[in-house]
1. Among the residues of the range B:45-63, what is the count of those that are more than 12 Å from DNA strand C (Cβ to nearest atom) and of a type outside the set (A, V, I, L, M, F, W, C)?
2. So which of A:GLU100, A:GLU20 ends up being within 16 Å of DNA strand D (Cβ to nearest atom), among the acidic types (Asp, Glu) and at pLDDT 95 or above?
3. Kindly evaluate A:ALA111 against the criterion of being within 21 Å of A:GLU20 (Cβ to Cβ) and part of a helix (DSSP H, G or I).
4. Being within 16 Å of DNA strand C (Cβ to nearest atom), touching a helix residue (DSSP H, G or I) at 6+ places or on another chain (Cβ under 9 Å), within 14 Å of another protein chain (Cβ to nearest Cβ) and within 21 Å of A:SER37 (Cβ to Cβ) is true for just one of B:GLU42, B:GLU67. Which residue is that?
5. Can you name the residue in the range B:132-159 that is free of Cβ contacts under 8 Å to residues at least 60 places away in the same chain and in contact with a Lys or Arg (Cβ under 8 Å, 6 or more places away or on another chain) and, of all such residues, is surrounded by the fewest Cβ atoms within 10 Å (Cβ to Cβ)?
6. At least 3 residues that are over 14 Å from the mean Cα position of the chain (by Cα) and more than 9 Å from chain B (Cβ to nearest Cβ) in each: list the helices (runs of 4 or more DSSP H) lying fully within the range A:114-214 that qualify.
7. Could you list all residues from the range A:18-31 that are surrounded by 17 or more Cβ atoms within 10 Å (Cβ to Cβ) and away from DNA strand C (no atom under 11 Å from the Cβ)?
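The values are calculated or read from the model by the stated rules, or taken from the named source; none is laboratory data. Since we're looking at a predicted model, the values are computed, not measured. Methodologically, a virtual Cβ is constructed for each residue, glycine included, from the backbone with ideal geometry; neighbour enumeration extends over all protein chains shown.
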There are 2 protein chains.
Amino acid sequence: MSASRQPGKTATPLVSERREEILALAAKIFADKGYASTTVREIADAAGILSGSLYHHFDSKEAMLDEIMHGFLDHIVAQYRATVAAGGDPLDVLRALIREAFSSLGGNPAALAVMINEFNFLVQFPRFAYLREGAEETERLWSGVIEEGMRTGVFRTDIDARMIYRFMRDTIWISVRWYRPDGKYSPEEIADFYVAMLLDGLATGGSTDTGGAT
Amino acid sequence: MSASRQPGKTATPLVSERREEILALAAKIFADKGYASTTVREIADAAGILSGSLYHHFDSKEAMLDEIMHGFLDHIVAQYRATVAAGGDPLDVLRALIREAFSSLGGNPAALAVMINEFNFLVQFPRFAYLREGAEETERLWSGVIEEGMRTGVFRTDIDARMIYRFMRDTIWISVRWYRPDGKYSPEEIADFYVAMLLDGLATGGSTDTGGAT
DNA sequence: GTCTATATTGAGATAGAC
DNA sequence: GTCTATCTCAATATAGAC
């Protein structure tokens, strides 16, 4: 388990492994019970130490949450940025974005769940204001691709691009609530199902009659 | 505001109006801050009374949550049941279900938000086990319609029906997080956008190539 | 139905020994 | 890096007067 440690160098890594371990445990518990309902004692128990000892690694319970959120958000936004920057056919770019979003399920499901569950509450506090920035940049990136696809004619234009974005974002991310790593489908398969449904629709024939909203 | 009160009868209604008022206030705060992060004092403040006085109306904070959840779930499940029982073309039934789900946005958004946010955590406690039953009945009702549509050939059969259900359920319900009553679109319009996208897809041409999952 | 006053518990966090 | 011991505060809930 210490394979990455270089012989001769006596530890003190820039980011302690123990920190990361504890952070991963905390993320899991935050995801399962909710941040507010989680006690520092539970986190300490999971790590096999006493609650007071946690404060050697972290300033506070909130600081743990902050690190989890920051780590997740920075990573995913950087991915989106790179994918959009690479450019290409809007349809392909959108597909790539969707796959990246779904692959967070396999990557760090606990952090994703915490993000989904706590975002709305946390974003109102100054300390977590960066969450809004990340969300807004993500929305700009995704919506930009949709809008480009509308201009070039590959996407339909009769639905608000921002609403399409929201539908997609919510559907993809909230799937962390039912996704199980040992389940029937991998994140990649789920992504492909979703792309298939999103692009071509559920109906077989032309069910162009939406039945209302004239 | 007391239009429903009959003259001559001196109050003592079966369900006190004051209870309902307080419950609505509690639901709003639970929705905004999360159940665990809400204090009984905040609820009392909103109602213009002191925290101790709440216990004249309710046994506990948890009892308030219980009433909110029960009220919401019973109502929506009864609706779904009736709609499915009425029968008809699966495509029309599905459309009706989707509209009903979205109309919860206009009806009782706070209760819906609390349901979405707290479901996963609460369902593990015996007191809230009925949440699972409600969710399962809902899934059976919706999935049944999708499967019938697959049999009769109006829906594509290359995507798992339960996954389709989950995608739909999540997308619709989580929209309570961004829906605003004073916003650009009504729940009915949002429902129609969603139905349009769901049934016919986002792509204009035949983008049958999903690009992977061979 | 609400208030005053308070009991009681459990939470996050700290100080210093080891 | 962890433990022992404890502080402090805030939260739910209660009892009884009005």
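1. Qualifying residue count for the region: 4.
2. Details: A:GLU100 fails: within 16 Å of DNA strand D (Cβ to nearest atom).
Only one candidate qualifies: A:GLU20.
3. Details: within 21 Å of A:GLU20 (Cβ to Cβ): yes; part of a helix (DSSP H, G or I): yes.
Criteria met by A:ALA111.
4. Working: B:GLU67 fails: within 14 Å of another protein chain (Cβ to nearest Cβ).
Only one candidate passes the filter, namely B:GLU42.
5. Kept after step one, since they are free of Cβ contacts under 8 Å to residues at least 60 places away in the same chain, are these residues of the range B:132-159: B:132-133, B:135-136, B:139-140, B:143, B:146-151, B:153, B:156-159.
Next cut, in contact with a Lys or Arg (Cβ under 8 Å, 6 or more places away or on another chain) only: B:139, B:143, B:150.
Working: B:GLU139: 14, B:SER143: 17, B:MET150: 19.
Here the residue is B:GLU139.
6. On the way: elements: A:129-151, A:161-174, A:187-200.
Per the criteria, A:129-151, A:161-174.
7. Of the range A:18-31, the ones surrounded by 17 or more Cβ atoms within 10 Å (Cβ to Cβ) are A:22-23, A:25-31.
Of everything in the range A:18-31, those that are surrounded by 17 or more Cβ atoms within 10 Å (Cβ to Cβ) and away from DNA strand C (no atom under 11 Å from the Cβ) turn out to be A:ILE22, A:LEU23, A:LEU25, A:ALA27, A:LYS28, A:ALA31.
Residues checked against (1) closer than 26 Å to A:SER175 by Cα; (2) of a type in the set (Lys, Arg); (3) more than 14 Å from DNA strand D (Cβ to nearest atom); (4) within 14 Å of another protein chain (Cβ to nearest Cβ):
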| residue | (1), (2), (3), (4) |
| --- | --- |
| A:ALA26 | yes, no, no, no |
| A:PHE30 | yes, no, yes, yes |
| A:LYS33 | yes, yes, yes, yes |
| A:THR38 | yes, no, yes, yes |
| A:LEU50 | no, no, no, no |
| A:LEU54 | no, no, no, no |
| A:HIS57 | no, no, no, no |
| A:PHE72 | yes, no, yes, no |
